[in-house]
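Working notes, structure below.
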Amino acid sequence: MTDNWEPVVIAYLCHFCSYSAADLAGSMRLEYAPNVRISKLMCTGKVDAQFILKAFEDGADAVMVSGCEEGDCHYLEGNLRAKKRIAHVKSLLKEVGLEPERVEMYNIGASDAPKFVRAVNEMTERARKLGPNPLKKKENTVPA
Ligand code: FES
């Protein structure tokens, strides 16, 4: 590990809740780790295991998926499906030798900017403790 290594955390956020919380965190000028790279989805139900595995293949050190609170998904059960997929991805990561803690599911409501900040900081610290993604290919990395 190099001295100046910083983890890269990919965050898949649903448009209606968690992305709004991220937006609100910005409006409130809340500070959080700059390591996160946000990708907006209409719903976390869209998150496929392949998205997450590809993020790791491309060099992400951790991936978080965050949707609406359970019971509040605008597509009814998208976040519940995502929760199951994340559990499945954790087992796949184990099989390929990656720590399952590198991926996590969150439920963050649109008005809960502080929870978004805590989640980003938690995933960044987790990735920092785990160290660089060992699958990271030098020629194929997400921008730092
Ligand atoms: Fe937010 Fe489905 S719309 S998780």
Completion exercise
(1) more than 20 Å from R118 (Cα to Cα); (2) touching a strand residue (DSSP E or B) at 6+ places or on another chain (Cβ under 8 Å); (3) touching a residue at least 40 places away in the same chain (Cβ under 8 Å) all hold for A82 apart from (3)
Fill in the blank from the handout: Of G78, G97, the only residue that is of a type outside the set (K, R) and at pLDDT below 95 is G97
Problem - Subset of the range 22-48 that is within 11 Å of the ligand (Cβ to nearest atom) and in a helix (DSSP H, G or I) - its residue that is nearest to S66 (Cα to Cα) - result: T44
Exercise for the section: Check whether at least one residue in the range 103-115 is in a helix (DSSP H, G or I) and away from the ligand (no atom under 15 Å from the Cβ), and report yes or no. Expected result: yes
Handout entry: Residue check for D23: within 19 Å of G97 (Cα to Cα), at pLDDT 95 or above and among the charged types (D, E, K, R)
Key = no
Problem - Cross-chain or 6+ apart pairs with Cβ under 7 Å, the range 110-128 first and more than 12 Å from P7 (Cβ to Cβ) and β-branched (V, I, T), then surrounded by 19 or more Cβ atoms within 10 Å (Cβ to Cβ) and at pLDDT 95 or above - result: V117/A25
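The values are calculated or read from the model by the stated rules, or taken from the named source; none is laboratory data. All of these numbers come straight from a predicted model, not from anything done at the bench. Using ideal geometry, Cβ is built from the backbone for each residue, glycine included, and neighbour counts are taken over all protein chains shown.
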